[in-house]
Structure formats: structure tokens, C-alpha cells
Amino acid sequence: MTLTSLQRLRVYVGVVEAGSVSAGARALGVTQSTASTHVRQLEVEVGSLLIERTGRRFAPTEAGSVLLAHARRMIAIADEAVDDLAKMSLRPLTGSLVVGATTTTTEGSFLPTALRSFTAAYPEVTLDLRVDNSTTLLRRVFDGDVGVAILADEVNSPELTVLPLEPEEQTVIVSSTHPLAGSTVDPRTIRGSVVLLREDGSATRKFQESLLERWRIPAARTWTLASTGAIVAAVAAGLGMSFLPRVACQDALELNKIAELSLDPPPPARPVCLVHRNDRHLSRAEEHFLALVSDGAPIEGATQ
């Protein structure tokens, strides 16, 4: 039974209960010709005359009476289904929300603010935050383990929906005791510096390597550390310099543990996006989180 057939059944029941096509049409809010057409089309569809129209008599035939009983039940079931679906949309949102995020998203303002807003609106949803580097998170998105993920990287895949967020500001950091702390320098003046990078597979490392290529610091040496927090601590201890999102360095900068260094040209802002698979059905929790992120205030602080 199609939706069109269901509408014809509604009209048929309406005109029979009203006692005439004209009265039924008025009750249903349609024209008399529309009601008559629906009844005739229904008779063609079932292959039987449904209403006896002789003289003043307007009553269902034997076939019409059989159909009338079934039609009332079918309409009631359809209305019940619509009501149940409506109630579902009004129920408190439950279940779990799995969000993938690159490391310093949890240190900046974006993700805590977004999750706080989400949990305030949907307190019965359980949160599961998966923090990892961009390569691993993209694999988890493709595998279906993570529904939505926030990455500080340029993502171009026909299999993914990519929602651009506000780019993150980058900075160059050195120890607060570094002789050039707070100054503007030519890359050649920091010849032989140790540059601290994130691990392979991290989009932050890829971005850091692009900056190294841009600045061409003479005889620069690179060391690898597996987290942004470890890099900030190592810079504060004087083990080297690094290029990181400003939001990841903010606390250490305010405490004067590290200082900024201005290089020419300055590091560009880094793209940030939220991704999910095109062919994956999003859960209600994921849909609501996506709507919150899409409709919210400008987003900053998301990074690898």
C-alpha cells in the first residue's frame, strides 16, 4: 500500500462516515471533485464498486464494507506509527557519542566548550572521546569505529564529508631563558638549532616539516617527541625550539616558562575541520553534535 493509496483510503472513510462526497470533502478540507477522484481511483485500484449511489442512497457496497473495516485499521496503524516516531523525537536523547579528536583539541577551548554545551543539552548521552593523531583517527573514521572526528589538517576525500572550522593560529616557541626570546630574527641567526617535532603520522609533524622547509634554518637538527605537552615541557627546559598551535602553548607562555620567537615569514594559520564518512548513517547523538558544531560560535583551538 503506497502513501497515495493510504490517502485514498482516508478520503473513502471520510465520505462514507459523512454520508456524502460533498460532506466528506468539507470535513477533509478538500474539494468535492478531488474527493470523487480519490474514490474512483480507489475503486479502480481494488477492482470493485465501493459505494452504491442509487437515488438518495449513499452507502458502501458489500466490497466497500469489507474495505471500510480494513481501511479504518490501516489508518489507525499508520497514525500510531507517526505518533510513535514523533514521541521518539521528543524523548530525551540517550545512547553514546563517540568523537575523535587530535591531541591539543582537549587542551584548547574548542572541544571542552563544545562538549560542555552538548552535555548540558543532552545529559543522558554518554561521551567517549578518542584522542589520537590524525592518521590514526582518519583510519578509525574509515573503519567506522569513530563517527565524527576533529582534525587540524587539510582533508580531501570523496568518501568524507568535511566541515571547515576556524583555522588555528601558530607560534614559534623557545625557552624563556633563550638569548633571542621575544625578538624577531632571521632564520639564519638560529643556525644549528634543535627543533622538536611530533611523531610520524601526526599532522602536526607534517605541518612542522613544511615550516622547516619554508624557513630553511641552516644545519637544524630535529628531535621527536610523542605529544604536544612533552614538546612544550622540553622547550621550557631548554632542549630546543618548536612550532606549535598558540592555544597549546598559552598556559606556559602566561607562566613565562617559554617565550615566542618571530620568524619571517610568520607561520600561517592551520586548517581545522570536522569529518565523517558519507556512507555512514549518523546516530542521533552524532547528528545533534554536528548541528551544535555547525551552528555554534566561531570555533578555535582545534588541533593535532
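The values are calculated or read from the model by the stated rules, or taken from the named source; none is laboratory data. Computed from a predicted structure; not experimentally measured. For neighbour counting, all protein chains shown are included, and Cβ atoms are generated from backbone atoms with ideal geometry for every residue, glycine included. Keep in mind that these areas ignore ligands, DNA and RNA; they rest on the heavy atoms of the full protein, side chains included. Shrake-Rupley method; radii C 1.70, N 1.55, O 1.52, S 1.80 Å.
A few notes on this one:
- Extent along the principal axes, Cα only, for the range 2-83: 41, 26, 19 Å, with the longest axis given first.
- With DNA, RNA and ligands ignored, accessible area of Asp132 (1.4 Å probe; Å², nearest 10): 40
- Close amide-amide hydrogen proximity is noted between Val148 and Gly100, each under 5 Å apart and 5 or more residues distant or on a separate chain (H modeled in the peptide plane; Pro and chain starts excluded).
- Stokes-Einstein translational diffusion, the range 1-153 - Kirkwood Rh over all Cα pairs, 0.692 mPa s, 37 °C, in µm²/s: 163
- For the chain, with all protein chains in place and a probe radius of 1.4 Å, 53% of the accessible heavy-atom surface sits on carbon or sulfur.
- Rounded accessible area per residue of the range 69-155, 1.4 Å, Å²: 52
- Solvent exposure of the range 188-304 amounts to 47 Å² per residue of accessible area, where only protein heavy atoms count and the probe is 1.4 Å.
- Fraction of C-alpha pairs exceeding 16 angstrom in the range 202-257: 43 percent, rounded to a whole number.
- Radius of gyration and Dmax over the Cα atoms of the chain, both given in Å: 32.5, 108
- Positive-end residue of Leu151, Ala181, Trp215, charge dipole of the chain with Cβ unit charges: Leu151
- Convex hull projection area averaged over all views, the range 131-184, Cα basis, nm²: 5.8
- Sorted from longest to shortest, the spans of the Cα atoms of the range 187-286 along the three principal axes equal 53, 31, 23 Å.
- The range 1-77 versus the range 183-245: alpha-carbon centroid distance in Å: 78
- Choice from Gln208, Gln41, Gln250 with maximal GNM fluctuation in the chain (Cα, 10 Å cutoff): Gln41
- Summed residue charge, Cβ within 13 Å of Ala63's Cβ, Lys/Arg positive, Asp/Glu negative: -4
- Angle between the chain longest axis and helix 284-295 axis [Cα atoms, degrees, rounded to 10]: 60
- Dmax and Rg, reported as Rg then Dmax, of the range 119-258 (C-alpha, Å): 17.6, 56
- Acute angle (nearest 10 degrees) that the helix 62-90 long axis makes with the longest principal axis of the chain, alpha-carbon atoms: 20
- Cut-off 13 Å between beta-carbons: net charge of the residues surrounding Thr161, Lys and Arg +1, Asp and Glu -1: -2
- Over the range 107-163, the pair-distance histogram of Cα-Cα distances with 10 Å bins from zero comes to 19, 48, 30, 3 percent, rounded to whole numbers.
- Put a dot 7 Å past the Cα of Ser262, heading toward its Cβ, do the same for Gln41, and the two dots end up 7.3 nm apart.
- Overall shape of the range 229-297 was characterised from the C-alpha gyration tensor. The equivalent ellipsoid obtained from it has semi-axes of 36, 14, 12 Å, in decreasing order.
- DSSP beta bridges confined to the chain are antiparallel in about 55 percent of cases.
- Rg over Rh [alpha-carbon atoms, Kirkwood Rh] for the range 82-202: 1.13
- Assigned charges on the beta-carbon of Lys, Arg, Asp, Glu; the chain dipole about Cα centre (debye): 640
- Secondary-structure-derived ellipticity at 222 nm for the chain, considering helices only, amounts to -14000 deg cm²/dmol, per-run term -39500 (n - 2.57) for DSSP H runs with n ≥ 4.
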